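What follows is a single structure, written as structure tokens, with notes after it.
The values are calculated or read from the model by the stated rules, or taken from the named source; none is laboratory data. If you're wondering where the values come from, they're calculated on a predicted model, not measured in any experiment. For neighbour counting, all protein chains shown are included, and Cβ atoms are generated from backbone atoms with ideal geometry for every residue, glycine included. Just so you know, the surface numbers come from the protein's heavy atoms only, side chains and all, with ligands and any DNA or RNA stripped out. Shrake-Rupley method; radii C 1.70, N 1.55, O 1.52, S 1.80 Å.
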Amino acid sequence: MITLVKRPTPSRGWAFATPVLAVIATMIAGGALFAALGKDPIAAIKVIFWDPLLGPNAAYFRGQLLVKAGPLILIASGLAVGFRAGIWNIGAEGQYIMGALAGASVALAAYPAESHLLFPAMVIAGALGGWLWGMIPAVLKVFFGTSEILVSLMLVYVAQNFLAYAAFGPLKNPEGFGFPGSRNLQQYASAHNPELIAGTGMHWGVVAAFLAVIAIYVLMQRHILGFRIRVAGEAPRAARFAGVLPARLVMFCLGLSGALAGLAGLFEVAGPNGQITDSFNAGYGFTAIIVAFLGRLNALGILLAGLLMALTYIGGDMAQLMLGLPTAAIQVFQGMLLFFLLGFDLLTHYRFRLGRARA
Amino acid sequence: MTGALLKIEGLTKAYPGVVANDGVGFEVAPGEVHALLGENGAGKSTLVKMIYGLVKPDAGAMTFEGAPYAPAEPRAARAAGVAMVFQHFSLFEALTVAENVALGMENPPPMRALAARIREISNAYGLPLDPARIVGDLSAGERQRVEIIRCLLQDPKLLIMDEPTSVLTPQEVEILFRTLRKLAAEGTAILYISHKLEEIRSLCDGATILRGGKVVGSCLPREKSARELAEMMVGGEFAATTRAQRKHGATILEVANLSLAPMSQFGPALKAVTFSLSAGEVLGIGGVAGNGQEELLATLSGERPSGIGTVSLHGQDISDLGPNDRRRLGLLAAPEERLGHAAVPNLSLTENAILTGTVRRPLTRNGFLNIGAAKRFAEEIILGFDVRTPGPQVAARALSGGNLQKFVIGREVLQAPEVLVVNQPTWGVDAAAAAAIRQSLLDLAAKGAAVIVISQDLDELMEISDRFCALNEGRLSAPRRTEGLSMEEIGLMLGGAHGMQEVAAR
Ligand SMILES: Nc1ncnc2c1ncn2[C@@H]1O[C@H](COP(=O)(O)OP(=O)(O)OP(=O)(O)O)[C@@H](O)[C@H]1O
Ligand SMILES: [Mg+2]
């Protein structure tokens, strides 16, 4: 029989090894899944992990990597701060939508005036939109003791309804021949978030993501506020003794992660996506939760995890296209990554022992 | 009594930077009460954790009842007949005594049968306990009985107790000792760790003395004085506290009519607590833990705000100020619970210095941590309070109980407070280090600070405080001058500590 024994101190080696192990296990289990679907598992794994980077059309896909990783990293770095403090914002997807809506509304209200001030104003509106959506669960938690997990998650569905309403109603393109969806911001110079260096996929949102990683790293490792956040997550009583007000912490963490998710939404709608449609959101807000944990809630880890997750997104799309794998299979594949990560995490805190305890 | 029950040879366990146990060997005979003595960090807890299967030795061998013994986990140790009562209780407050006992058993019998067994054993050993009571309603001594009865149900051949009396009242200690003597008379061996040397002299048949992880001697505790025992532990002499003549200055802290609702379902409320404190004065607050001690500290430190006008410092109302504002004004505190309240277990000592040190020490610049300065502050505490640890990078969790206590007290004392509130300052600290901590509190008062010492240890309070009062069920008695206070008067002030005497008289 195998028994689990708690380690006296968490193993540092395993903490670094588990993400790698999780990726390998995902490849094996995912390969089995693809094989069961009648596809060549090796080819599928190669299409997902190899071709986007070094395959024949890699030049195109490499740009896509940053486009996909940018929002994931931006959202995940905000989420990680709250997760460190034990504050669980599960609704980044909703905050992402509201940020995009707020930013796009500013642009569409100004249309067709051109001004250098428009894009900065959109950025502020995007952050504000996400911040407001994050503050709802924060305020409800502080004043009424509701669970931020449930409230933030439920607000995703509210945001989705807002999105559909806006796409069919107030933000609909008057020159769109009756099709739902807003004007395309890519064709509105002042509002467009363009590719900064051709072929790289680098846009302002990616820049913001890199800045966020640096800022969050400094905050968590070097600033008293980050220190208090870590203390609050480790030992709530000690945090109160150190002068941390739980209410303020909740507001800060949910507000920050909301604002960063809102920014990600704004950069997406003004850039790669271009348009508010009812299917604008692509699940970045949920995937970012996986990214945050895959990156061990650590800024630099999130950077790598975001790139890896983006790779499975792009590779997944390619596998759908080239091998005819169903979307659901790709999603299961991505879900496996989190599953294995949490599973292997056990090894950081526990070790296995074979055989029954001797009596 | 023939042959040893437990024989240990060459047991060694190293942690990064320290050898906690280095070739330790000794024997315990059936029916013997054997003491493990040693300074903080000498390796006592590590040693018994190895016997109980919680920590795996690096080298060495154990023999139990003549057979090789190497428990892989506590379950194996229990199956062999070894039971252990930890210093920190592992009980669920919302469950009953019987339910708590059942949770610790591998194959618990039906609840009714178990309740009957508990009643039977508790009466047989003079530890009255009602199996149907909720643990949250029990005193510390009664909670410990739950742990002991949990052990006795396994019918152990060896019972290990790690600092069992630090949370007990003198009456509760008396009851515990009678039980232990009865158990020993029936042939159960007891391995007993304590820093209270008088207790060891009255209870134990033999003692092994550890220093720096090595056995440095053994003795018959009855034949030594407490002072001799302490000197064997430290390997030298140690100074008794000296009390400088102090002049009391103006009133610094005033607490008026402080009432507070209970913090938890089972906690006591504070009821109209009133006292005042002048510069250079040490106020001792006695009483059994769980009577509002934690609550009082939390309201004074600023963790729990209290009603307007209830707490004032230098005449300024600070009732609604948080912990950091109070630190800025010079009011500092050191809570009783070291792990998770006074210190964060998983953070390094440097980071734990930052925990309370940023307001009065330049450990931050514009909100950015000055890690170098924090490290120097942690080193200053380690040096000044003789904290035995490889260095400031070590996690608080890895320190022995007493050494972490020294760190926590040192951190506050070195911040030069004007008012310092400490709860159980020498809890689990060895005799020499306890004397050093008391001395540092006295020195602080000599420099003009006001000090509040909350403690269960009456001797400690008599030794250092100028005035004494008792906290009982959330009520504070009027402070009286310590000088000339008789034991009867103190007993009256303590108000019949939980009705324990009647039990003791049975
Ligand atoms: N998990 C751990 N990791 C690293 N070092 C440890 C760990 N546990 C104990 N130590 C170290 O081992 C030494 C012995 O610690 P131990 O807890 O056995 O002391 P002790 O004699 O019980 O002291 P006290 O009277 O203060 O409780 C100490 O120096 C301590 O810092
Ligand atoms: Mg110990």
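What the table below lists for this structure:
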| item | result |
| --- | --- |
| At R0 = 56 Å, FRET efficiency that the Cβ-Cβ distance of A:ASN184 and A:ALA17 yields, to 0.05 | 0.75 |
| Highest average packing first - A:163-173, B:299-309, A:35-45, A:251-261, Cβ atoms within 10 Å | A:251-261, B:299-309, A:163-173, A:35-45 |
| Region B:6-234 - Debye-derived log10 I(q)/I(0), Cα point model, q = 0.07 Å⁻¹ | -0.22 |
| Of all DSSP beta bridges in chain B, antiparallel share, percent nearest 5 | 50 |
| Carbon + sulfur, % of accessible area of region A:132-240 - ligands and nucleic acids excluded, 1.4 Å | 68 |
| Separation in nanometres of the label points that stand 7 Å from Cα toward Cβ, at A:ALA36 and B:ARG480 | 7.8 |
| Accessible area (Å², per residue) of region A:70-116, counting only protein heavy atoms and a probe of 1.4 Å | 26 |
| From phi via Karplus (6.51, -1.76, 1.60), per-residue ³J(HN,Hα) for region A:64-81 in Hz, x at Gly/Pro | 4, 4, 5, 4, 7, 6, x, x, 4, 5, 4, 5, 5, 5, x, 4, 4, 4 |
| Most to least accessible of B:GLU460, B:GLU254, B:GLU336 (protein chains only, probe 1.4 Å) | B:GLU254, B:GLU336, B:GLU460 |
| By accessible area with a 1.4 Å probe, ligands and nucleic acids excluded, highest first: order of B:GLU418, B:GLU32 | B:GLU418, B:GLU32 |
| Share antiparallel - DSSP beta bridges, region B:6-234, percent rounded to 5 | 55 |
| Scattering profile of region B:250-495 at q = 0.10, 0.18 Å⁻¹ [log10 I(q)/I(0), Debye over alpha-carbon scatterers] | -0.45, -1.46 |
| Relative contact order (%) - region B:6-234, alpha-carbon pairs under 8 angstrom, separation at least six | 29 |
| Mean projected area (nm²) of the alpha-carbon convex hull when chain B is viewed from all directions | 23.5 |
| Chains B and A, summed buried accessible surface - 1.4 Å probe, Å², nearest 100 | 2500 |
| Residue mean of other protein chain beta carbons inside 10 Å, A:217-226 | 3 |
| Inter-chain Cβ neighbour average for residues B:72-79, partner chain, 10 Å | 4 |
| With all protein chains modelled, accessible area of B:TYR125 [1.4 Å, Å²] | 40 |
| Ranked order, B:LYS224, A:LYS68 - accessible area, probe 1.4 Å, largest first | B:LYS224, A:LYS68 |
| Förster radius 41 Å - calculated FRET efficiency between B:PHE368 and A:ASP278, Cβ distance, rounded to 0.05 | 0.35 |
| For region B:151-166, 3J(HN,Hα) per residue [Karplus equation, 6.51 cos²θ - 1.76 cosθ + 1.60, θ = phi - 60°, Hz, x = Gly/Pro] | 5, 5, 4, 7, 6, x, 8, 9, 10, 9, 10, 9, 6, x, 9, 4 |
| Global geometry of chain A, whether rounded, prolate or oblate, following the gyration tensor of its Cα atoms and the 1.5 cut on a/c | oblate |
| Rounded percent of accessible protein surface that carbon and sulfur make up, region B:334-421, 1.4 Å probe | 52 |
| Residues of type lysines that A:LYS39 reaches as a straight line, Cα spacing below 28 Å, ignoring anything fewer than 8 places off in the same chain | A:LYS68 |
| Normalised convex hull volume, region A:168-246, alpha-carbon set, Å³ per residue | 196 |
| Sorted largest first, extent of region B:180-334 alpha carbons per principal axis (Å) | 58, 42, 25 |
| Over 22 Å [Cα-Cα, region B:5-83], rounded percent | 18 |
| Separation of the A:HIS116 and B:GLU186 label points, Cα + 7 Å toward Cβ, nm | 9.0 |
| Cβ-derived FRET efficiency at R0 45 Å, B:LYS56 paired with B:GLU174, nearest 0.05 | 0.75 |
| Whichever lysines have a C-alpha closer than 27 Å to that of B:LYS196, once near sequence neighbours (fewer than 8 apart) are set aside | B:LYS7, B:LYS13, B:LYS44, B:LYS49, B:LYS157, B:LYS182, B:LYS214, B:LYS224, B:LYS406 |
| Taking chain A and dividing mean pair separation by its residue count, relative contact order in percent (alpha carbons under 8 Å, at least six apart) | 37 |
| Selection from B:LEU349, B:PRO268, B:LEU476, by position along the positive dipole direction of region B:250-495 (Cβ) | B:LEU349 |
| All-pairs alpha carbon distance profile, the protein assembly as shown, 20 Å steps from 0, percent | 13, 38, 32, 15, 2, 0 |
| Set of lysines near B:LYS247 by C-alpha distance (under 22 Å), chain-local residues within fewer than 8 positions excluded | B:LYS447 |
| Evaluated at q = 0.10, 0.17 Å⁻¹: base-10 log I(q)/I(0), Debye formula over Cα of region A:214-359 | -0.53, -1.15 |
| Amide proton proximity set for B:ILE160, modelled H, under 5 Å, gap of 5+ | B:ALA83, B:MET84, B:VAL85, B:LEU191 |
